[in-house]
Amino acid sequence: MRPPVSHDRQLPSGFEPPFRPVESGESSGIVSFRQALAVVRRRFQLILAVTACGAALGLFLASREPTTYKASAMLRLAGERQTLTGVAEEAAPSLGRTADPMLSIIELLRSRTVAGVVVDSLGLQLVSQTPEFMVEDLAGVRVDPRAAGDSVLVVFQQDRLSARRGERAVTAAYGQPVNLGVVQFAVRSRPAVETATFGIRSREAAIDALLAGLLVSRRELTDVIDVGFVAQDPRAAQRIVNSAVHAFQMLNVQWARERSRRRGEFLEEQLAQTDSMLERAQASLSSFRSRQQLASSQDKLHAEQSALLTLDARREELDADRRTFGALLQRLKTNDEASRQEALRALATSPAMADNPAIGGLYQQLLKYQIRIDSMTTGPWRSSPNNPDLIQVKALASSTQDQLVQAVSSHIGALDARVDALGALRQRTGASMSLLPAMAEEEMRLTRRVDALARMSDELRADFQRARMATAVEAGDIDVVALAPLPSTPLLDGGALKVALGLFLGLGLGLIIAYILEALNTSVRRPEDLEAVLHVPGLAVIPRITDGSRSAQSHFRRLLGSGKSARQAVGSPLTGNQTFSIGIEAFRNLRTSLIWSDGGETLRSLVVTSAAPGEGKTMTAANLAVTLAYDGLRVLLVDCDIRRPRIHGLFQLPRAPGLMELLRASTDPDAPPIEAIRETPVSRLSVLTCGALPVNASNLLSGTRMRVLLGELQEQFDIIVLDTPPVLATADASIVASLTDGVLLVVRAGTTDRNAAQRAYQQLANVGARVVGTVLNDPGGEVAKEGDYYYPYDYAAQDQ
């Protein structure tokens, strides 16, 4: 390319254009949130349609669901029976640490026993088959639990009714009971219907139906239980719930009283056995004591032990006295007067003086004789040793002393006898004491048995009295806090759930379909897709062309209409208006990218083509040529699409003469010159139209004359832009591309298949054409739907 002002297109020294590699989200295998949101934006109509269908289906199913009502009652685990009876085990037996009484009560409420009582009390085996007349309109319904598989037909007359079950028919007035054997009921007043049919189902089926609608739940961290029932008739829901709580309360009392009764019978039996065993134990203890002739073996043992200790102490005392008197006796028998006197004085202080009067008397007599001797031998009037009185007194004293020695000897003999007697007595006492421990142990065993049986008897008697009280108490551990009122508001949970589920499933199905369609859609939608497929730079994205204002909606499709006169789009370079518009700016970006692309300075001829028809190559070529002309270049726009030429229509020029005439004229040297190149309203822009379609068009394009013609035209113009047919449609594009300096491949966003773009690029590469870049044509706004791109719609110039 030879630009008029070359220094405007030269890069500064050492400067390289910034390059940012782009990786396609699909190629990396990772779908980001923005890409997923872009899929939703592109397919939002499909998603909304499928979601609406799902919501409509849910609404239809909800409308067919019958209206239901829920009645709720409240129970509480009060423990009143335990308070009245004082029996802690009465409320519930001990089931271990893991057992929860509240959960046990909930399971009992859901039991078939409670449900059976409700079914029997309300006659729920009877089912109405007439929607206008329900079982709740009847009174006193009673059904035999064994009845099943039968039906009752009731005909309502003016003042009476007729009921028939099989061969049995009954006529009764309103308010009177109707007895049909297995079923009995009464009709309060004449209803609005003429007839009603009732079916009799089995008791087990009625119980199953009741349990299916019974709702029992516990309030967290409380002893309160909510009991609910869901039914189509609010009266039925109320009756069943209230009957269920009353039935459970009654059964709770019955179960408790039955447990108390069985416990009382058991305690009574155990008490009788214990009393009998106590009597036998008491008789055994009395008989043992009678045989041993004692009131208590323990007391006798204690007495014998005390006596034995006394005997030992007495014997030790006698032994001590004997030793003392023995020592005195030896001293009294000595010849030493001093020792005898000392022994007599010791004898005078001995306790034996008080115990033995004979020794005491002799000692006193001896003491008197000693006093007389002392008085006669001392003093101024003492007697002579030969005094008969003194001799007689001494003789008496000596005789008394001898008698005292004999008395002490006799006393020692008596002590020996007593010690021996005490020893013999101790031996006898020890022999009897050896038998006392065994007797005491036996007596203690018998006593303990009597005491244990007595305590057991007392405890059993107390428990028996409490069991009798519990049997008489008509109170349970369950209190009915609140009965169920008549529900007035129907439940909407089922219908709303179906609508929500339908909406959710519709949305999910819509998203799945949208992503499946996106996965099946292999068209190019983003510049990254194009660069990842072809590995050539994307030079520009051409958006929907407007004039920069919000109200301008003209775009390139007006220039591509088949069979219609194409008009220049408002806001494109073809209008000649160079004010700001996104179309003009897009082609200016394309021009700049071409100039700064690799080898852009050498571009003298440029082919603009596409993979398939309808991708906007003609409009791109025309607008690029206009933009280059506005840049000051001499531009020739050549229409090489000989089968579907459009350039002459864009510029309102005649189709012929044109390129085909020039090529044919080159074969005839005598032919006059043809003025095929025409000027346009755009300065420095010339157009060479296609011309008339010859028979051998491909031969003309592939001949040497086409190469020579391009060389001649390059001498007259700075750049030649050639609009060729699609690459995959004919071979003309590949032929012409091989003769030019570069190829600009136009791809339409959301339309061109990736494989088609790859085949077109490969076909161009096979003929040696150089694809300088691609243009992503986006008249439908597909790129903007990705959410990653924007166009400067609001960046228009303002009037000063």
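The values are calculated or read from the model by the stated rules, or taken from the named source; none is laboratory data. Computed from a predicted structure; not experimentally measured. Neighbour counts are summed over all protein chains in view; Cβ atoms, including those assigned to glycine, are modelled from backbone coordinates with ideal geometry. Note: accessible area is taken over every heavy atom of the protein model, side chains too, but ligands, DNA and RNA are not part of it. Shrake-Rupley method; radii C 1.70, N 1.55, O 1.52, S 1.80 Å.
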What is the distance in Å between the Cα centres of region 117-165 and region 685-755?
93
Which FRET efficiency value, to the nearest 0.05, do you get for residue 167 and residue 195 by plugging their Cβ-Cβ distance into 1/(1 + (r/R0)^6) with R0 = 22 Å?
0.75
If a/c stays under 1.5 just call it rounded; otherwise compare a/b with b/c (prolate if a/b is bigger, oblate if not). Do that for region 438-522, with a ≥ b ≥ c from the square roots of the Cα gyration tensor eigenvalues.
oblate
Computed curve, region 126-238, Cα-only Debye sum without solvent term, log₁₀ I(q)/I(0) at 0.11 Å⁻¹, is -0.42
Å² of accessible area per residue within region 733-780, as computed with a 1.4 Å probe and no ligands counted:
31
Neighbours of residue 153 by Cβ distance under 13 Å: Lys/Arg at +1, Asp/Glu at -1, summed charge 0
Provide the solvent-accessible area of residue 520, counting protein heavy atoms only and rolling a 1.4 Å probe, rounded to the nearest 10 Å².
130
Can you give the direction-averaged projected area of the convex hull of the alpha-carbon atoms in region 189-284, in nm²?
13.0
The answer for residue 752, listing residues at least 5 apart or on another chain whose modeled amide H is closer than 5 Å to its amide H, is 524
When the accessible area of region 203-339 is split by element with a 1.4 Å probe, what percent falls to carbon and sulfur?
50
Give me the extension gain from residue 509 to residue 327: residue separation times 0.36 nm, minus the current Cα-Cα distance, reported in nm with one decimal.
52.2 nm
Kirkwood Rh in Å, taken over region 209-346 so that all alpha-carbon pairs contribute
25.5
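Please give the net charge around residue 590, taking every other residue with its beta carbon less than 14 angstrom from that of residue 590, where Lys and Arg add +1 and Asp and Glu add -1.
That sum, taken over residues with Cβ under 14 Å, equals 0.
Going from most exposed to least, what order do 53, 690 have by accessible area with a 1.4 Å probe?
Values: 53 90, 690 0 Å².
Reading off the accessible areas and sorting them downward yields 53, 690.
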³J(HN,Hα), Karplus 6.51/-1.76/1.60, whole Hz, each residue of region 502-508, x for Gly, Pro
x, 5, 5, 5, x, 5, x
Residue 346/residue 428 FRET efficiency (R0 56 Å; Cβ-Cβ; nearest 0.05)
0.95
Can you grab the distance from the C-alpha centre of region 385-411 to the C-alpha centre of region 485-524, Å, no decimals?
148
Calculate the spin-label point distance for residue 262 paired with residue 60, positioning each point 7 Å from the Cα along the beta-carbon direction, and give it in nanometres.
5.8
Please turn the phi angles of region 747-762 into ³J(HN,Hα) values with the Karplus equation 6.51 cos²θ - 1.76 cosθ + 1.60 (θ = phi - 60°), one per residue in order, whole Hz, x for glycine and proline.
10, 8, 5, x, 10, 6, 6, 5, 5, 5, 5, 5, 5, 5, 5, 5
